[in-house]
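K.L.:
Quick one: this structure, given as structure tokens, is what I'll be asking you about.
The values are calculated or read from the model by the stated rules, or taken from the named source; none is laboratory data. Every value quoted in this text rests on a predicted model; they were computed, and no experiment measured them. All Cβ positions, glycine included, derive from the backbone under ideal geometry; neighbour counts span all protein chains shown. Ligands, DNA and RNA are stripped out before the accessible areas are found, and what is left, the full protein with its side chains, is counted by its heavy atoms. Shrake-Rupley method; radii C 1.70, N 1.55, O 1.52, S 1.80 Å.
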Amino acid sequence: MFLFGKSKRNDPKALRSGTVEREPSRMFAIPSDPAAILNREELWNRLHDTDELAFGQTQEAPFTVTYKGTEYLFDTADVEFGVEEDDPAIGALNEKERGVVLNATHAFGVEIMFADNNMDSYHLQIKLLDMLVPDMAALFDSNAYRAHSGRWAKMTAGSKVAPSPDYMFTIHAVNDSEEGTDSVWLHTHGLTRCGTIELEILGADLDNWQELGNALNQIAHRLVGDNRFIDEMEPKLMGKAGDGRDIVVTWQRSEWSFKDFPKKIVGGPSDRNDEHSINMGVIYLYANEDDQLDGKLTPIVKWADALSENAVFFKTTSETRRMRALAQERVDWLRKLSKELPEKHIITKIGLKPDPEHGFDDDQFEYIWFEADELRDDGFTATLTQDAFYVKGMVEGVRRECRYDEIVDWRVTTETDNFSPDNIYKYLR
């Protein structure tokens with residue numbers, strides 16, 4: 001059993017704040033060799049101080065470790081394990097990893113309470129599991145109901161840069177085809193360990209759920225990086241819709257939101273169990289400044305078309321720095337893919353300095369994608385893929401000479417794969 005147990009959930013009637021009591025974060029590793037987790041003494045001997053981690057008390061739970069100047073409490077547990085072959089959670093695993101996982105009966109888990117920085121906490125938990133189970137086939141994240149490749153866990157643990165916040169949560173899309181409805185309910189799992197509510201979108205349908213799911217992903221991604229979320233009805237500027245309107249996000253508790261949607265909608269009151277009733281908020285937008293003053297909410301589904309047409313969601317400065325650091329750490333992989341893949345499409349994200357009249361700070365940039373030609377040793381020529389909002393003359397089709405040290409993100413796509421700094425582990429066959 002884990003030490004911390006299940007933390008108390010907030011009373012839904014008292015829910016006002018987007019910041020809630022943190023849940024413990026639980027992950028467990030499936031070893032490639034089952035014998036690797038049988039001997040507890042051998043496991044503890046794997047814990048050792050590094051240039052990143054300093055262990056304190058490791059004789060009795062809760063154990064302590066210091067990472068980036070913050071002390072964390074963690075606990076471990078032996079976990080009985082079993083998973084079905086058709087479980088969507090294992091979709092990210094390759095054939096070899098799936099074989100190990102489907103035959104596994106036990107795993108080894110680490111539970112930790114996140115500190116103020118969500119991404120540091122998450123990264124530390126992966127580092128601890130990799131140290132204790134250095135040759136894992138897969139890592140399971142209980143909070144987010146998802147599995148990660150052991151190749152990803154190893155590469156992530158060895159990095160100086162935290163992985164994308166996208167890995168910290170999942171979005172479930174629920175549709176009741178037996179009822180003959182096209183209604184889709186989108187909601188997150190994994191955010192309460194960050195001390196924030198889980199987010200949901202009601203009223204999506206089979207035509208727009210993917211665009212709205214992307215918007216929900218961007219919003220959840222942002223709150224993980226911000227380390228807190230807005231209070232109920234509080235506005236937050238998140239980006240620009242394809243038609244130029246500001247995307248100003250807010251939320252309202254679920255039970256107050258049902259009135260805005262059809263009675264038989266998927267995700268309505270009859271679909272709620274305890275897990276999907278507490279610490280959740282339905283995403284809305286403020287269409288304009290007057291609506292903010294009047295408290296008039298617009299369901300985000302009303303903007304589905306505008307969100308599907310080149311919408312831009314802003315990144316925080318800290319997230320942009322993380323992305324750039326990881327892209328630079330793994331830029332040699334970009335060059336390697338360029339040389340080794342015969343048929344590929346390469347795009348790179350470059351930061352453009354906004355024009356002075358827009359009032360941005362000196363360290364703020366507009367980040368936009370360029371389609372790259374074949375990479376040279378000294379740089380590459382790239383074509384802008386869309387119009388910039390804040391830089392005059394930078395419109396779709398403009399070509400520009402780019403340096404590798406300008407790259408803040410990159411993608412390499414083929415007919416069968418899509419590689420990025422966050423998922424380059426997939427190239428490790």
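K.L.:
Over the chain, calculate the relative contact order: mean separation of alpha carbon pairs under 8 Å at least 6 apart, over the residue count, as a percent.
P.N.:
On the way: 811 pairs, mean separation 54.7, N = 429.
Value for the chain: 13 percent.
K.L.:
Could you work out [θ]222 nm for the chain from helices alone, using -39500 (n - 2.57) per DSSP H run of at least four and dividing by all its residues? Round to the nearest 500 deg cm²/dmol. Mind showing how you got there, number by number?
P.N.:
Values: 10 runs with 94 residues, N = 429.
Rounded to the nearest 500, the figure is -6500 deg cm²/dmol.
K.L.:
Calculate, for residue 362 and residue 40, the FRET efficiency according to 1/(1 + (r/R0)^6) with r their C-beta to C-beta distance and R0 51 Å; round to the nearest 0.05. Could the numbers behind the result be given before it?
P.N.:
Working: r = 53 Å, r/R0 = 1.05.
It comes to 0.45.
K.L.:
Let me ask something additional. For the range 81-231, what class follows from the C-alpha gyration tensor (a ≥ b ≥ c being the square roots of its eigenvalues): rounded when a/c is under 1.5, otherwise prolate if a/b is larger than b/c, else oblate?
P.N.:
Values: a/c = 2.32, a/b = 1.26, b/c = 1.84.
Oblate is the answer for the range 81-231, as a/c is 1.5 or above yet b/c matches or exceeds a/b.
K.L.:
Shifting gears a bit: Loop only by DSSP, 10 or fewer other Cβ within 10 Å of the Cβ. Give me the trypsin sites (Lys or Arg not before Pro) in the range 120-170 that pass, ordered by residue number. The partial results should precede the final answer.
P.N.:
Working: sites: 127, 146, 151, 154, 160; in loops: 160.
Counting only loop positions with at most 10 other Cβ atoms within 10 Å, the trypsin sites (Lys or Arg not before Pro) in the range 120-170 are 160.
K.L.:
Would you mind getting me the FRET efficiency between residue 243 and residue 428? Use the beta-carbon distance for r and R0 = 41 Å, nearest 0.05. If you can, show how the numbers build up before the last one.
P.N.:
Values: r = 42 Å, r/R0 = 1.02.
Given R0 = 41 Å and the Cβ-Cβ separation, E is 0.45.
K.L.:
Still on this structure: Using a simple spin-label model with points 7 Å from Cα along the Cα→Cβ vector, what separation in nm is obtained for residue 255 and residue 61?
P.N.:
3.4
K.L.:
Which distance in Å, rounded to a whole number, links the C-alpha centroids of the range 121-172 and the range 389-429?
P.N.:
24
K.L.:
Right, next: Find out how many positive minus negative residues lie around residue 79, taking Lys and Arg as positive, Asp and Glu as negative, among other residues whose Cβ is under 15 Å from that of residue 79. Please report the intermediate quantities before stating the final value.
P.N.:
Working: positive: 26, 40; negative: 75, 78, 80, 111, 141.
My count for the surroundings of residue 79 gives -3.
K.L.:
Take residue 413 and residue 48, extend 7 Å from each Cα along the Cα→Cβ direction, and tell me the distance between the two endpoints in nm.
P.N.:
So the label points at residue 413 and residue 48 sit 4.4 nm apart.
K.L.:
Quick one: length gained pulling residue 353 to residue 374 fully straight, 0.36 nm per residue minus the C-alpha distance?
P.N.:
Details: separation 21, 0.36 × 21 = 7.56 nm, distance 2.51 nm.
Contour length minus the Cα-Cα distance gives 5.1 nm.
K.L.:
Skip the ligands, DNA and RNA, and give the accessible area per residue of the chain with a 1.4 Å probe, whole Å².
P.N.:
48
K.L.:
A further question on this structure: What's log10 of I(q)/I(0) for the range 288-381 at q = 0.10, 0.13, 0.16, 0.20 Å⁻¹, Debye sum over Cα points only, no solvent?
P.N.:
With one equal scatterer per Cα and no solvent, log10 I(q)/I(0) is -0.46, -0.71, -0.94, -1.15.
K.L.:
In nm, to one decimal, how far is the modelled label at residue 331 from the one at residue 405, with both set 7 Å along Cα→Cβ?
P.N.:
The answer from the label model is 0.8 nm.
K.L.:
Give me the extension gain from residue 395 to residue 288: residue separation times 0.36 nm, minus the current Cα-Cα distance, reported in nm with one decimal.
P.N.:
Working it through step by step, the gained length comes to 35.8 nm.
K.L.:
Next up: List the GluC sites (Glu not before Pro) in the range 261-347 that DSSP assigns to loop (not H, G, I, E or B) and whose Cβ has at most 12 other Cβ atoms within 10 Å. Which are they? Don't skip to the end; give the middle numbers.
P.N.:
Values: sites: 275, 289, 309, 319, 329, 340, 343; in loops: 309, 343.
Passing both the DSSP loop test and the Cβ count: 309, 343.
K.L.:
Here is a follow-up. As an exercise, use a Förster radius of 30 Å and the Cβ-Cβ distance of residue 343 and residue 386 to find the FRET efficiency, rounded to the nearest 0.05.
P.N.:
Details: r = 24 Å, r/R0 = 0.80.
That pair, residue 343 with residue 386, gives E of 0.80.
K.L.:
Mind telling me which of 276, 123, 189 comes out most flexible in a GNM of the chain, alpha-carbon contacts under 10 Å?
P.N.:
Comparing 276, 123, 189 in a Gaussian network model of the chain, the most mobile one is 276.
K.L.:
Which trypsin sites (Lys or Arg not before Pro) does the range 355-428 hold that lie in a coil by DSSP with at most 15 other beta carbons within 10 Å? Show your work: numbers first, answer last.
P.N.:
Working: sites: 376, 392, 399, 400, 403, 411, 426; in loops: 392, 403.
Loop-located and lightly packed - 392, 403.
K.L.:
What does the accessible area of residue 113 come to, in Å² to the nearest 10, when a probe of 1.4 Å is used?
P.N.:
Answer for residue 113: close to 60 Å² accessible.
K.L.:
As an exercise, find the ratio Rg/Rh for the chain from alpha-carbon atoms, using the Kirkwood inverse-distance average for Rh.
P.N.:
Details: Rg = 22.6 Å, Rh = 23.3 Å.
Result: Rg/Rh = 0.97.
K.L.:
Also: Under 5 Å between amide hydrogens, which residues at least 5 positions from residue 238 or on another chain qualify, with H placed 1.01 Å from N in the peptide plane?
P.N.:
For residue 238, the qualifying residues are 247, 248, 249.
K.L.:
Now a separate question. Residue by residue through the range 149-156, what is 3J(HN,Hα) from phi via Karplus (6.51 cos²θ - 1.76 cosθ + 1.60, θ = phi - 60°)? Round to whole Hz and write x for glycine and proline.
P.N.:
3J(HN,Hα) across the range 149-156, in whole Hz: 4, x, 5, 5, 4, 5, 5, 5.
K.L.:
Please arrange 176, 49, 422 by accessible surface area, largest first, computed with a 1.4 Å probe and ligands excluded. Walk me through the numbers before you get to the answer.
P.N.:
Working: 176 55, 49 100, 422 30 Å².
I get 49, 176, 422, largest accessible area first.
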